[in-house]
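Just below is one structure, and these are the notes that go with it.
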Amino acid sequence: MTEPQPVQQAGEHASEAFDPGASILHHILDSSEIEVPFTQFDLHLPTLHLPEALGGFDISITKHVVMMWIASAILVGAFVAAGRRRAEPVPRGLRNLLEVVVVFLRDEVARKAIPHGADRFLGYLMTTFFFILACNLLGLIPGAATATGNISVTATLAVVAFLVIHLGGVREFGLVQHVKNLVPAGLPPWLVPVLFVLEVLTTFIRPFALCIRLFANMMAGHIVILAFISLIFILAEVWWAVAPLSVAFALFVYVLEILVAFLQAYIFTMLTAQFIGMSVHPAH
């Protein structure tokens, strides 16, 4: 028994009209609009530019900027709410959850990577971890977006990490000695220039790796999920056979993305702590 002609034509038209590449890019790239989930309504964001006297740069509010604002507001609200219960002798609820994470980051990440003076960097490391985690998880909510899937955001995080790493070393030893610490002592004189160049390159490669790792992992998961969902529309004529498998695989990757959200926040914070430790406690 063949399909009715109108249904068959509609399926062929949907298959031809649907552009999976454009659909995926539309969902993962930054934009000046926020889609309201389960509706046809789009929230248009304001376009702003600096005056020409100041360079005329585009400082428009975009979807990823809004997501970062929301992530920051959630974190501020969560920690303020937890802080109001600091007088309780036994932590519970939100305070207990946040305290477990904070103690873990302090004892297992910061103090192990930075043997002496780790507490000076705790504020930065914890802010980095919770901000990345909030942005990662926020992107899993329908209608939201993953700000950490934007290379501009991860590059900014990497630049801040670079500054903290080396300003920590300069504060500890002074600028000249910090530069000297790039090369271990006791090397043959002819090897020092070669190793110095390599260490300088490594100094810039480390934050670059932080940037690319976070960006690529967060974007890749969303692309895979959207690709599985797109199969339903690409193979519209047999959607009834494709849909169960596509949805099942998409849900599986979605669950993995929750784990990846925590893992990438931890890896970024842990590696940053390691690099700070190497800067303020160089090996000789």
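Can you compute the FRET efficiency between His26 and Ile70 using 1/(1 + (r/R0)^6), with r the Cβ-Cβ distance and R0 = 30 Å? Round to the nearest 0.05.
Numbers: r = 20 Å, r/R0 = 0.68.
So the FRET efficiency works out to roughly 0.90.
Summing Lys, Arg as +1 and Asp, Glu as -1, what charge do residues with Cβ under 15 Å from the Cβ of Ser279 carry, Ser279 excluded?
Here the count lands on +2.
Counting only other residues whose beta carbon sits under 14 Å from that of Leu226, what net charge do I get with K and R as +1, D and E as -1?
-3
For the chain, what is the calculated [θ] at 222 nm in deg cm²/dmol (nearest 500), taking -39500 (n - 2.57) for each run of four or more DSSP H residues and dividing by its residue count?
It lands at -23000 deg cm²/dmol.
Where does helix 93-104 land angle-wise versus the long Cα axis of the chain, in degrees 0 to 90, nearest 10?
With rounding to tens, the tilt is 50 degrees.
Pairing the Cα long axis of helix 191-234 with the longest principal axis of the chain, what angle in degrees results, from 0 to 90 and rounded to the nearest 10?
Relative to the chain, helix 191-234 is tipped by roughly 20 degrees.
Place a +1 charge on the Cβ of each Lys and Arg in the chain and a -1 charge on the Cβ of each Asp and Glu, then give the dipole magnitude about the Cα centre in debye, rounded to the nearest 20.
Its charge dipole is roughly 1660 debye.
On full extension of the chain, what length is gained from Glu237 through Ile223, given 0.36 nm per residue of separation minus the C-alpha to C-alpha distance?
2.7 nm
With the cut-off at 1.5 for a/c, could you classify region 91-234 from its C-alpha gyration tensor as rounded, prolate or oblate?
In terms of gyration-tensor shape, oblate.
Please build a GNM for the chain, connecting alpha carbons under 10 Å apart, and tell me which residue among Val179, Val102, Val192 fluctuates the most.
Comparing Val179, Val102, Val192 in the GNM, the peak value goes to Val192.
What list do you get for Met278, Met218 if you sort them by fewest beta carbons within 10 Å?
Starting with the residue having the fewest Cβ neighbours, the order is Met278, Met218.
Going by alpha carbons, how many degrees (0 to 90, nearest 10) lie between the helix axis of 122-138 and the longest principal axis of the chain?
10 degrees
Taking the Cα-to-Cβ direction at Phe262 and at Val160 and moving 7 Å from each Cα, how far apart do the two end points lie in nm?
Distance between the two pseudo-spin positions: 2.3 nm.
Between Gly174, Gly186, Gly149, which gets the highest mean-square fluctuation from a Gaussian network model of the chain, Cα cutoff 10 Å?
Looking only at Gly174, Gly186, Gly149, the largest GNM fluctuation is found for Gly186.
If I model a spin label as a point 7 Å beyond the Cα along the Cα-Cβ vector, how far apart are those points for Gln40 and Ile151 in nm?
3.6 nm
Could you compute the net charge surrounding Ser32? Neighbours are other residues with a C-beta less than 13 Å from the C-beta of Ser32; K and R count +1, D and E count -1.
Charge balance in the 13 Å sphere: -4.
Let me check against my output: what whole-number percent is the relative contact order of the chain, with C-alpha pairs under 8 Å and at least 6 apart?
So the answer I get is 25 percent.
Read-outs throughout are calculated quantities, based only on the coordinates presented, and are distinct from any laboratory measurement. Computed from a prediction, not measured in an experiment: that's the story for all the values here. Positions of Cβ are backbone-derived with ideal geometry, glycine not excepted, and every protein chain shown enters the neighbour counts.
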